[in-house]
Amino acid sequence: MADRSSRIKPQALTPGDTVGITAPASPGDREAAVRAACCLENLGLKVRFGETLQLKRGYLAGDDRQRAEELNGMFADPDIKAIVCSRGGYGTGRIADRLDYELIRANPKIFWGYSDITYLHAAIGQKSGLVTFHGPMLIDLSQPEVHPLTLQSFQSLLQPLVFRYTEEISPLEVLVEGEAEGEIVGGNLSLLASGLGTPYEIDTAGKLLFIEDIDEEPYSVDRMLNQLRLAGKLADAAGIVVGDFHDCEPKKRLESLTLQEVLNDYLIPAGKPCLSGFRIGHCSPNIAIPFGVEAVLRTSERVLECKEPAVQTEGG
């Protein structure tokens, strides 16, 4: 397992660099991906589509071997400088034990995605120490209208920007007052819960735990937060960052707690500094956030800010 001192920052891109597009989970919509590629090309980047965008095996973009080999291959290919996932869906947990983490550590590059990609963020962070990005995927850029802040997030590919989120972006609510420091880790709550008890279990000790989800009823969010609580992940965390929980409202159950009641039931007793309301996740805008970078959460100022850039530049 990679420790904090061994964290590796990927290299920032320069105009003319090639970005590999892969579908490590569910099938990618190649036509939508081609439409969306112009957003990366407008940044001066070249785009190379992986074969997985044309593969389909039920709800998977090809079989496990194909998806894992493509991702390993993109990390090994010196001509590919960054990897952006086409979409999420389901399936990354099936390939976590097929990835070559030594290869990834020896060939650090930007790895970008969210939702089901959470499983790979946790695995790559734990096993290789690479700083990765929880950010909008290519499929998000194919929509008729893309929020300017979502597009702006991709500047993180090219510049050593220092992540900073304040109420200038969205209103933030204090659940627990205080200040906390630590690496940002986490992602989609469903995927974090499914990784517990595996070699890729999220490590929250002394870290800022970020969570988000979509289409989960309050009782499901309750179950998953309880799982994290019983596994010690809430108690271990230095602070908690709550992203967007899109459409997580009661549907099947007429009698239900609200989502806010569920969050309060778990995050307030945890007693760790906690802010909610971040437009990060299945929402618009969807702000990119780096995992594995030291940050500070200050509820008095309602701010989450990293201490340093998530990428390095030549000679940096």
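Within the chain, what percent of beta bridges assigned by DSSP are antiparallel, to the nearest 5? Bridges in the chain are about 40 percent antiparallel.
For region 169-299, take N as its residue count and report Rg(C-alpha) divided by 2.2 N^0.38 Å.
Numbers: Rg = 13.7 Å, N = 131, 2.2 N^0.38 = 14.0 Å.
That ratio works out to 0.98.
Positive-end ranking of LEU172, ILE8, PRO160 along the dipole of the chain, with charges on Cβ about the Cα centre, is headed by ILE8. Label point of ARG48 set 7 angstrom out along Cα-Cβ; within region 59-76, amide nitrogens under 14 Å from it belong to 70-76.
Cross-link partners for LYS207 among the aspartates and glutamates, with Cα-Cα distance under 19 Å and sequence neighbours closer than 8 places in the same chain left out: ASP3, GLU177, GLU179, GLU181, GLU183, ASP236, GLU294, GLU305, GLU308.
Computed on the Cα atoms alone, the convex hull of region 27-155 gives a volume of 99 cubic angstrom per residue.
Farthest towards the positive end of the charge dipole of region 45-190, among the residues ALA122, ALA68, ILE104, is the Cα of ALA68, using unit charges on the Cβ of Lys, Arg, Asp and Glu. Distance from the Cα centroid of region 107-172 to that of region 23-44 is 15 Å (rounded to whole angstrom).
Equivalent-ellipsoid semi-axes for region 152-205 (Cα gyration tensor, √(5λ), whole Å, largest first): 25, 19, 12.
Under a 5 Å amide H cut-off, with hydrogens placed 1.01 Å from N, PHE245 pairs with ASP213 among residues at least 5 apart or on other chains.
In this Cβ point-charge picture (+1 for Lys and Arg, -1 for Asp and Glu), the chain has a dipole of about 620 debye about its Cα centre.
A crude spin-label estimate for the pair ASP79 and SER284, with each label 7 Å from Cα along the Cβ direction, gives 3.5 nm. Each of HIS246, GLY91, MET137 was scored by the projection of its Cα onto the charge dipole of the chain, and the greatest displacement toward the positive side belongs to GLY91; charges sit on the C-beta of Lys, Arg, Asp and Glu. Legend: distances between Cα atoms for LYS272/LYS307; LYS9/LYS251; LYS81/LYS272; LYS56/LYS127; LYS127/LYS252; pairs beyond 31 Å are LYS9/LYS251; LYS81/LYS272; LYS127/LYS252. When the chain is treated as a GNM with alpha-carbon contacts under 10 Å, the residue of GLN143, GLN159, GLN227 showing the greatest mean-square fluctuation is GLN143.
Across region 233-242, rounded Karplus estimates of 3J(HN,Hα) from the backbone phi angles (6.51 cos²θ - 1.76 cosθ + 1.60, θ = phi - 60°) give 6, 6, 5, 6, 5, 7, x, 10, 10, 9 Hz, Gly and Pro being marked x. Full extension of the chain between GLU314 and ASP265 gives 13.0 nm of extra length, using 0.36 nm per residue less the Cα-Cα distance.
Mind checking the dipole of region 1-82: about its Cα centre, +1 per Lys or Arg Cβ, -1 per Asp or Glu Cβ, Debye to the nearest 20?
With Lys and Arg at +1 and Asp and Glu at -1, about 220 debye.
Projected area of region 88-142, taken from the Cα convex hull and averaged over every viewing direction, in nm²?
The directionally averaged projection comes out at 3.7 nm².
For GLN11, nonlocal amide neighbours, meaning residues 5 or more places apart or on other chains whose placed amide H falls under 5 Å from its own, are ILE110, GLN312. The candidate values are (i) 199; (ii) 125; (iii) 145; the one derived from this structure for volume of the Cα convex hull per residue in Å³ carries the label (ii).
Just so you know, all these numbers are worked out from the coordinates, no wet-lab data involved. In this text the structure is predicted, and so the values were computed from the model without any measurement. All Cβ positions, glycine included, derive from the backbone under ideal geometry; neighbour counts span all protein chains shown.
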